[in-house]
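Notes follow once the structure below has been shown.
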Amino acid sequence: MEAPHNQAPEIATETGAAGRITVGSPAAMQDLGRRLAALLRPGDLVLLTGELGAGKTTLTRGLGEGLGVRGAVTSPTFVIARVHPSLVAGPPLVHVDAYRLGGGLEEMEDLDLDVSLPDSVVVVEWGDGKVEELSEDRLHVVIARAVGHEEVLDDVRTVSLLGVGARWAAVSDVLAGLG
């Protein structure tokens with residue numbers, strides 16, 4: 001199965017906030033997730049895009065740590081979705097992997113994401129083109145491997161944070177300053 005391709009420039013034209021961060025290691029990616037979690041609140045939809053092995057689950061692991069949720073955050077590729085309840089009276093983390101789902105929102109209806117969203121932070125890997133209809137306000141996180149002098153720099157990633165809607169425009173300065 002070919003991985004979906006991201007159209008970051010198209011997404012960027014509809015954003016209310018944007019930031020770009022260079023991340024040098026998996027530990028730094030996880031730390032970015034912890035810092036980003038401080039901005040998240042119930043009802044937030046986060047879409048993660050990047051090739052296989054880019055660091056989407058590592059970032060989500062950091063989000064889970066920052067949100068104080070129960071359970072190890074691992075890739076939900078084979079179960080499609082995992083719910084991690086909060087241990088600190090915060091929102092649960094709903095972690096979805098839409099990689100194997102070919103259709104749009106209709107195919108994901110069985111997951112009841114629309115029911116979960118108001119009370120949870122919903123993070124969808126491979127969600128571009130599939131779940132945007134869930135919320136007018138959403139955060140697109142695009143993770144790309146860094147390239148330097150004709151070689152891929154193994155652990156270095158460029159993370160683009162692209163906020164859509166009024167909710168993310170309200171925190172644009174904070175989002176841009178995460179780097």
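The values are calculated or read from the model by the stated rules, or taken from the named source; none is laboratory data. Just so you know, these numbers come straight off a predicted model, no measurement behind them. Reconstructed Cβ throughout: ideal geometry from the backbone, glycine too, with neighbour counts over all protein chains shown.
With the stretch 117-179 as the region, which strands (runs of 3 or more DSSP E) entirely inside it contain at least 1 residues that are among the charged types (D, E, K, R) and modelled with pLDDT under 90?
Values: elements: 121-125, 138-148, 151-164.
Because the criterion is at least 1 residues that are among the charged types (D, E, K, R) and modelled with pLDDT under 90, the strands (runs of 3 or more DSSP E) in the stretch 117-179 that meet it are 138-148, 151-164.
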Practice prompt. Pairs only if they're at least six apart or on different chains, beta carbon under 6 angstrom, first in the stretch 25-37 and part of a helix (DSSP H, G or I), second among the hydrophobic types (A, V, I, L, M, F, W, C); list them, first residue then second.
Written response: Met29/Val23; Met29/Leu59; Leu32/Val23; Gly33/Leu59; Gly33/Leu63; Arg35/Leu178; Ala37/Leu63; Ala37/Leu67
Worksheet item: Any chance the stretch 56-76 includes a residue that's of a type in the set (S, T, N, Q), in a loop (DSSP other than H, G, I, E, B) and under 16 Å from Trp126 (Cβ atoms)?
Response: yes
Worksheet item: Identify, please: which residue in the stretch 45-80 is among the hydrophobic types (A, V, I, L, M, F, W, C) and closer than 19 Å to Ser25 by Cβ and is, among those, surrounded by the most Cβ atoms within 10 Å (Cβ to Cβ)?
Response: Leu59
Worksheet item: Does the stretch 81-116 hold any residues that are at pLDDT below 70, surrounded by fewer than 16 Cβ atoms within 10 Å (Cβ to Cβ) and not in a helix (DSSP H, G or I), and which are they?
Response: Arg100, Gly102, Gly103, Gly104, Asp112
